[in-house]
Amino acid sequence: MLTNQASINESKSGSGQAPTNKPNKQRRALIGGALAALLSSPRRVKAERNDGKPNDPFILLLKGVYQPVPAGHGPADNLGLSTVNLSDGSYSRTLIYPVFGIPESTDQDRLLGSFYVQFTGNLCAYDLPGGAIAMQFLDVPPPLSNPNALGYNNFSTIAHPDGMGGQYLEGTFELTILEATGIYKAFAGGHNHMVDRLHQLPLGAGFDEFCFCNISQYQFP
């Protein structure tokens, strides 16, 4: 998601702001449109389950200012994952909120877990109730071979100023699920479609995430 962006790599370690858990009017306004886009797949979407297990698909929101995870300070058990090393100093962390398809989605303002991502790599992990998921971002398509792919598996080359010295970066990303534990085991080998609106804060203050994740057992071709 954040690879191949020089400005992001230069600024990612400068964040000193703490994420907020307060309800956000902008978040509520955008959820409806984002859900319509994420659920417009030709694959039939099942009603939400009530047995404590996640839907296929389920949708999460990544929201909050990224904080660096210093080397040696990742989760003590690495979330039980073997394909990522969350204590190697290459990850940053933000917050996860429920949107659709898991029991906690009945309260969309409830903090659900933590999202870990490499700003200079292609790995990430989700720390969720009942288990964890590790993923890998797919490669960015060469722009010369597909000039219409700008913003696909990467941020668009067009940034949107926020009027305060920062800017918004927008794009979509495709990820392969490398492994999954606990109640998410069936999603190993599946797919994640991200719709991202990343706010690059002014004065090198870091990045404020707002990203919907459509996670399914579907294997991306």
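All of (1) assigned to a loop (DSSP other than H, G, I, E, B); (2) among the β-branched types (V, I, T); (3) surrounded by 14 or more Cβ atoms within 10 Å (Cβ to Cβ); (4) modelled with pLDDT of 95 or more hold for I96 with one exception: (1).
Can you say whether G74 is closer than 20 Å to T181 by Cβ, out of contact with any strand residue (DSSP E or B) (no Cβ under 6 Å at 6 or more places or on another chain) and buried (at least 20 other Cβ atoms within 10 Å of the Cβ), as far as the supplied structure shows?
On the way: closer than 20 Å to T181 by Cβ: yes; out of contact with any strand residue (DSSP E or B) (no Cβ under 6 Å at 6 or more places or on another chain): yes; buried (at least 20 other Cβ atoms within 10 Å of the Cβ): yes.
Criteria met by G74.
Going through (1) at pLDDT below 95; (2) touching a Gly at 6+ places or on another chain (Cβ under 9 Å) one by one, G131 falls short only on (1). Out of D88, D51, one residue alone is over 22 Å from T172 (Cβ atoms), acidic (D, E) and at pLDDT 95 or above. It is D88.
The values are calculated or read from the model by the stated rules, or taken from the named source; none is laboratory data. Remember, it's a predicted structure, so these values are computed and weren't measured experimentally. As a convention, Cβ positions derive from the backbone with ideal geometry for all residues, glycine included, and neighbour counts pool all protein chains shown.
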